[in-house]
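This report concerns only the one structure given below.
The values are calculated or read from the model by the stated rules, or taken from the named source; none is laboratory data. Everything numeric here is computed off the predicted structure, so don't read it as measured data. Methodologically, a virtual Cβ is constructed for each residue, glycine included, from the backbone with ideal geometry; neighbour enumeration extends over all protein chains shown. SASA here: full protein model, heavy atoms, side chains in, ligands and nucleic acids out. Shrake-Rupley method; radii C 1.70, N 1.55, O 1.52, S 1.80 Å.
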Amino acid sequence: MYHYDELDQGLIEQRVAQFRGQTRRFLDGRLSEDDFRTLRLQNGLYIQRHSPMLRVAIPYGMLASYQLRKLAEISRRWDKGYGHFTTRQNIQFNWPKLEDVPDILAELATVQMHAIQTSGNCIRNTTTDHLAGVAADEVINPLIWCEIIRQWSVLHPEFAFLPRKFKIAVSGAATDRAAVGVHDIGLQAMEQEGEVGFRVWVGGGLGRTPLVGHSIKPFVRWQDLLTYLQAVLRIYNLHGRRDNKYKARIKILVKDLTPAVFAQEVETLWQRIKDGPDTITQAQLQRIAHLFTWPEYEALEDEHAGVPATSNRAFARWLRSNVHKHKQPGYAAVSVSLKATGPAPGDITAEQMECVAELADRYSFGELRVSHEQNLVLADVRQRDLFALWQALDGSGLATPNIGLLTNIVSCPGGDYCSLANAASIPVARAIQQQFDDLDYLHDIGPLDLNISGCMNACSHHHIGHIGILGVDKNGQEWYQVTLGGRQNGANQGRVGRVGAGGALLGRVIGPAFARAQIPEVVQKLVTTYLQLRDSENEHFIDVVERLGIESFKQAVYAKHAEPDDQKAKEMAHA
Amino acid sequence: MPESAASKLIRNGQLEDNPWRLYQPDPAAGCALPPDTPGWMIELSSWKELLHAQPGRKCPVGIVMPSDGDCSDLMLDAEALHARKDVAFIAIQFLQYGDGRGYSLAWMLRQEYGWSGELRAVGDVLIDTVHYLARCGFTSFVMKPGHDPALALESLRAFSGHYQPGYANSVA
Ligand code: SF4
């Protein structure tokens, strides 16, 4: 993981001092509410329904145990003893007082953390694969590149006030776990003729106008990465719409100009600034690379099939869903599930933070990651430690064996916390989790992504959930629209149209919206239909939707006298 | 004290009095251009006229363009602009401090069009934005009313280091 040098540390401390001054001027009435709004947003501070919300940056999801301990301490002292991990690999605190925020930021700075650019119309936290650097299918380790982009984007003088927020994701593996196809810029690290570079997608994004990105440049050499990003951002900064915030994202500009024309404009500008002072030199790359430390693995052999043999059914289940293949023999990556039934998805208590920090120290080189599915990952665990780790996690309610499965629900805070919400999302997630609390059944259903957003801002990426649920407002009442067939990756790359970068695909609405109480039953019907239609256990939910389309699912859900024999389906699945 | 704020100018890292005012053309009276006296700022459109109408002008003018303007308009005559001694500065008028276009325009004037003279930020200029502005090549600032120029001067030094080595250093 990257360790700050003096420049990094100096910058965040000076940013705290600057924000302290801004907050003081605001509280003294020397800075107007309007002027302060943008400034505080640039530092992650929202004023919303109950009280301010502070979003703290976790650059590309990498976190050290001492940082997690500090987050626990902050949550106790200034929040209500818990935090909420977001789909941008950040953490949010929901209860701090405005006047305390400078002190919170000062505490964060002592462990090399900050809230810079976690909201506002600027370049946000760059995200990546939560298995970066350890995934068995990795081609290029994206972490150093993420850090280069982080430094370049932090307090960037030209791009601090864009038409709208701007999100960059980087993937370096065969399977795109960073969802590069639904970001303002998606970068796929790759190698061409022995040289590292990036394929560039632009104009993806969810929200009101969900669009999959377009590849505008097949290969940008690593030296040119920042000048190319600069060209894209400058075209956007100058020409993106500022008159209507719903049309201000880069995806609208790309769409209005057409991707070909946009690409041409970028190219023309880039030719003028390419090889300029923002070109990355070997020396800069070395300087940043040297500030990274990497786990010092022991020479070990893989255990059988990469995981220990066991007759313990609960442990076996957890191994199957929460443990991932590692590039290093004898090691595994472990997902710590923050999706137990009960707490809001992504929520973690101070005690749990301390527990995970302790386990990271004991079993995973003192490091961990936040996944964009709102779980934590201990990325470097010896396979022979898995049983002990599982026991410890289980004791803290962190071993729910549901990663990749239906109850690993991605959900935004929704109506309980967010002032923009049309509807609640956390209680809906809970009701679905309760509906599918039979773990054998859950495992039989197999891989299934379910995402719930409380409004069309789509913070939980419901468009790319295999099942997506969206809160909508009908005459002041909460309703929920269901989409089917979205995915963040893996769709047939050869197809054109809706299939984009990394194989992202947007779900289709299945029909009229439902009342809150109906949702668990609707999901049950979708699952039952899938179980009836799949040709084998190896054909996953999303594969059946792709093979057969949404029609049969629609019929099952909307049929007047449907008698979906759920019990029978359960038995079939168990058989 | 809006008046006194606007009458102060941050220039080359110091506070100065600001004698500059915008010339309001009065075509009805046949006055499209300011007289050849000191302290006039004119809009970009007028400057094109002035270029031809007052070839021997003695008192330099400041040229103002809005943050949503197109600097290629200005730079079409880049050569003339450089050749003439009667341009005191180019000013970008920020319609809102969050209008990021002004930042790109400034940096393009510097980097692409090679404007090496004074570049001034006017309009919605905050204590909190001068640091970014300076890094995009602005060298003088007229603060928005209510934003103390002395504090703004300090805030130019808010950060002792920075990433983005290609951009200007804020502490001139
Ligand atoms: S999706 Fe809507 S309700 Fe949910 S967090 Fe985002 S803005 Fe709030």
Please give the solvent-accessible surface of B:Ser160 in Å², to the nearest 10, using a probe radius of 1.4 Å with every protein chain present.
100
For A:Cys455, enumerate residues with amide H under 5 Å from its amide H, sequence gap 5+ or separate chain, H modeled in the peptide plane.
A:Asn422, A:Gly471
In Å², nearest 100, what accessible area do chains A and B bury in total when the solvent probe is 1.4 Å?
3100
Net +/- balance of residues flanking A:Leu300 in space, Cβ distance below 12 Å, scoring K and R +1, D and E -1
-4
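Where does the charge balance sit around A:Gly133 when Lys and Arg score +1, Asp and Glu -1, over other residues with C-beta under 15 Å from its C-beta?
-3
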Starting from the residue with the highest accessible area, list B:Leu153, A:Leu225 in decreasing order, probe 1.4 Å.
B:Leu153, A:Leu225
Sort A:Tyr331, A:Tyr558 by heavy-atom solvent-accessible area, probe 1.4 angstrom, most to least.
A:Tyr558, A:Tyr331
Value at 222 nm in deg cm²/dmol, rounded to 500, when DSSP H runs of n ≥ 4 in chain A each add -39,500 (n - 2.57):
-11000 deg cm²/dmol
Summing -39500 (n - 2.57) over every DSSP H run of at least 4 in chain B, dividing by its residue total and rounding to the nearest 500, the 222 nm mean residue ellipticity is -7500 deg cm²/dmol
At a cut-off of 30 Å², which residues of the range B:119-140 become less accessible once all protein chains are present than in their chain alone, using a 1.4 Å probe?
B:Asp128, B:Tyr132
Rounded to whole Hz, the Karplus (6.51, -1.76, 1.60) HN-Hα couplings of the range B:97-114, x for glycine and proline
5, x, 7, x, 4, x, 6, 5, 4, 4, 5, 5, 4, 6, 7, 8, 9, x
Please report the accessible area of B:Tyr97 (heavy atoms, 1.4 Å probe, ligands and nucleic acids excluded) in Å², nearest 10.
10
Take the alpha carbon gyration tensor of the protein assembly as shown, find the square roots of its eigenvalues, order them as a ≥ b ≥ c, and report rounded if a/c is under 1.5; if not, report prolate when a/b exceeds b/c, else oblate.
prolate
Okay, which of the range A:124-141 sit inside 13 Å, backbone N to the point 7 Å along the Cα-Cβ direction of A:Ala174?
A:135-140
May I ask you to compute the full-extension gain from A:Arg287 to A:Asp100, defined as 0.36 nm times their residue separation minus their alpha-carbon distance, rounded to one decimal in nm?
63.7 nm
Charged-residue dipole, Cβ positions (Lys, Arg, Asp, Glu), chain A about Cα centre, Debye nearest 20:
1960
Heavy atoms only, probe 1.4 Å: what % of the accessible area of the range B:3-155 goes to carbon and sulfur, would you let me know?
54
List, by residue number, every residue in the range A:251-295 with a reduction of 30 Å² or greater in accessible area between the chain on its own and the complete protein assembly, 1.4 Å probe.
A:Arg272, A:Pro277, A:Asp278
Separation of the A:Trp294 and A:Asp5 label points, Cα + 7 Å toward Cβ, nm
1.9
Under-5 Å amide H pairs with B:Gly166, H placed in peptide plane, nonlocal only:
none
Which cysteines in chain A lack any other cysteine whose Cβ sits under 4.7 Å from their own Cβ?
A:Cys122, A:Cys146, A:Cys355, A:Cys418, A:Cys455
Under 8 Å for C-alpha pairs, at least 6 residues apart: give me the relative contact order for the range B:3-155, rounded to a whole percent.
25
Give me, ordered by chain and number, the residues 5 or more places off A:Ile116 or on other chains with an amide H under 5 Å from its own placed amide H.
A:Ala57
Within chain B, what percent of beta bridges assigned by DSSP are antiparallel, to the nearest 5?
25
Relative contact order (%) - chain A, alpha-carbon pairs under 8 angstrom, separation at least six:
12
Using a 1.4 Å probe and ignoring any ligands, DNA or RNA, find the accessible area of A:Arg40 and quote it in Å² to the nearest 10.
20
For the pair B:Glu49 and A:Leu548, what calculated FRET efficiency results from E = 1/(1 + (r/R0)^6), where r is the Cβ-Cβ distance and R0 = 51 Å, to the nearest 0.05?
0.15
Of the accessible area of chain A, computed with a 1.4 Å probe and all protein chains kept, carbon and sulfur make up a percent value of 49
Of A:Thr86, A:Thr341, which has the most accessible area with a 1.4 Å probe, and how do the rest follow in descending order?
A:Thr341, A:Thr86
Expressed as a rounded percentage, what relative contact order does the range A:127-289 have, with Cα pairs under 8 Å and six or more residues apart?
19
Return one whole number: the accessible area per residue of the protein assembly as shown in Å², for a 1.4 Å probe.
38
Could you tell me which of the pairs A:Lys245/B:Lys48; A:Lys274/B:Lys48; A:Lys251/B:Lys144; A:Lys70/A:Lys327; A:Lys165/A:Lys255 are separated by over 24 angstrom between their Cα atoms in the structure shown?
A:Lys245/B:Lys48; A:Lys274/B:Lys48; A:Lys251/B:Lys144; A:Lys70/A:Lys327
